[in-house]
Structures are given as structure tokens and as C-alpha cells.
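What follows is a short report on a single structure.
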Amino acid sequence: MTGDEIREKFLSYFERNGHKRVHSSPLLPANDPTLLFVNAGMNQFKDVFLGNETRDYKRAVTAQKCIRAGGKHNDLDEVGKTARHQTFFEMLGNFSFGDYFKEDAIKFAWELMLDEFKLPLDRLWFTYFEGDDEVPADTEARDLWIKMGAAPDRVLPFGRKDNFWQMADVGPCGPNTEISYYMGDDPGDPEKNSAYWVNGPGDTTIEFWNLVFMQYNRTQNDDGSFSLTHLPAPSVDTGMGLERITTIMQHVTTNYETDLLRPLVEFAASLA
Ligand code: SER
């Protein structure tokens, strides 16, 4: 599949499942002083998550242009060091605004990955939030992956850095569950295809989809401290890196070899 076909497959899968196809917003956020550039698909829905705005749909799907070159989500320092980081990329996402929650988000993800994209299950790893003083462990997400058919030893707990998502210092946030893909040559070898590589060094596994369970709003108090309050309705915000899933499905090893980016590299090379 070409990158364009992968994008379309994602959008049309969620459209068939009751999601409104919404256009990417511009890269400059409207009315949001907390962000310089749009850094995630959920930005244009921030006020919907917070309950300040309603739309005539409760489910949406987008392919959002994003820049991560500063601020809370800064990939600039990783570009060129890993095979998978870019400062400008497209994020595929499905969203629920107080409609479905963890169970259906995980069911949709499972069906899309295995039945539509036909990803091999023995290359997939799943992570969930292990909990801390502020937010409890998301064992519900762990149990749902196992119920869908994931092997229990491939569903791993991680801390705040990997499994709790917020777009900026303040705003809607929540625990998340991520899916990583083993990129190595021998998925049947438990030494090579091991838990060590998940969120580990290098590109042996790459994280390509993040399912955030939006449950909280983080706000800053007058004394500079932060508080967490519950959102009006539990919601879902997911983000799949289009260039990363294309790397996986085109059996190449870096984003730059996909048909999305290779022509740009070749063009620059021809000028050089
Ligand atoms: N907001 C989450 C992220 O950017 C999921 O879309 O990873």
C-alpha cells in the first residue's frame, strides 16, 4: 500500500464506524496561547474535550499535520539519531467526545491493525500506565488487550514519560496505551523480539500508535502548582504516525525510505 492508501484506509475505517471525517487544522493553532504550533490531532478539539464547545458529532477521524520542534513535545533533538522521528509529520487519529471509551477504542485499534492492515500479532507490543501517587494504574487497558487476544507477557507497564499524555503544561490529559512494532528480522526469537526493546534504545521496536484516555484537565494555580480535575466526560484521543505505519507496512527501515518521503530525499539529492 502507498502512504496515501494507508491514510485513506485509516480514515475510511473509522468513517464506516460512525466517525465524522474532519479536515486537518492549520499548523497555527487558533485561539490557544499555550501552543506555538499544532503538535497533535487533538488540538483542534481541545475545547470539545474540556466541555467548552459542542459539535454536531461525537466521533471524529482526522489526518492532522503536526510540528514537534519545541515545547512539551519536542522531537527536534531526535531527528537523524533515530529512524522514526520527524519535526513535521502527519498524525492519524480517531476521537470520541464523551461517546465510546477504553473498550471500544481498543476494539477498533485491534480490528484495524489485524484485519485491515494485517499486521502480524507476534510483532506487536502493548503498554499501559503503571500508576503513581496522582493517577492509578490503568489495569483496565491491560486487561482489555489481553481479552482481545494479546499475550499477557506482551502487555507491559510504563510510567508517566511513556504512558501519560498531555499536550502542554496545562490542558486535557490522561493515561494512554501504546502499540509498538518489532522491526527486527526474527519475530520468533524471544531473545531478539524481547520486552527489553519496547521504549528501549534504537529502532528495534517502534511505537506507532498512542491511544489516550482523556479523563483529566491539568490547570495551574496562582502559586504556580498544578491541579488535576476530571473532565466532564471521559473521551478518547488517538494518534498514529502516518510515516511510521508506512515504514512498517512498506517493510523499510526508516521513515525516509517510504514513498511519502523518499521522493523529497531523491529530489534534494539530485540538486546536490
Ligand atoms: N495526543 C496523543 C499524541 O499526540 C494521541 O493522539 O500522541
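Rule-based calculations on the coordinates, nothing more; no lab input. Being a predicted model, the structure only gives us computed values, none of them experimental. Every residue, glycine as well, gets a Cβ built from its backbone with ideal geometry; the counts of neighbours run over all protein chains shown.
Overview of results
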{"read-out": "Using a Förster distance of 30 Å, the FRET efficiency for D223-D99 (Cβ separation, nearest 0.05)", "value": "0.25"}
{"read-out": "Cα-based convex hull volume of the chain per residue, rounded to whole Å³", "value": "140"}
{"read-out": "At 0.692 mPa s and 37 °C, Stokes D of the range 1-133 from Kirkwood alpha-carbon radius, µm² per second", "value": "197"}
{"read-out": "Directionally averaged projected area (convex hull, Cα atoms, the range 207-272), nm²", "value": "8.1"}
{"read-out": "Rh (Kirkwood; distinct C-alpha pairs) - the range 134-181, Å", "value": "11.9"}
{"read-out": "Label-point separation in nm, S25 to Q250, each point 7 Å along Cα→Cβ", "value": "2.9"}
{"read-out": "Net charge contributed by nearby residues that have their C-beta within less than 14 Å of I206 (K/R +1, D/E -1)", "value": "-4"}
{"read-out": "For the range 101-185, alpha-carbon Rg relative to the globular expectation (2.2 N^0.38 Å, N residues)", "value": "1.13"}
{"read-out": "Cα convex hull volume per residue for the range 145-272 (Å³)", "value": "178"}
{"read-out": "Relative packing of 73-83, 238-248, which averages over residues the other C-beta atoms within 10 Å, highest first", "value": "238-248, 73-83"}
{"read-out": "Cα centroid of the range 67-90 to Cα centroid of the range 184-253, whole Å", "value": "14"}
{"read-out": "Packing-based order for 221-234, 169-182, using average beta carbon neighbours within 10 Å, highest first", "value": "169-182, 221-234"}
{"read-out": "Two-site label geometry, L121 and D143: point separation in nm, points 7 Å out along Cα→Cβ", "value": "2.1"}
{"read-out": "For the range 3-49, convex hull volume per residue from C-alpha positions, Å³", "value": "89"}
{"read-out": "Charge context of E78, other residues only, Cβ under 10 angstrom, K/R +1, D/E -1", "value": "+1"}
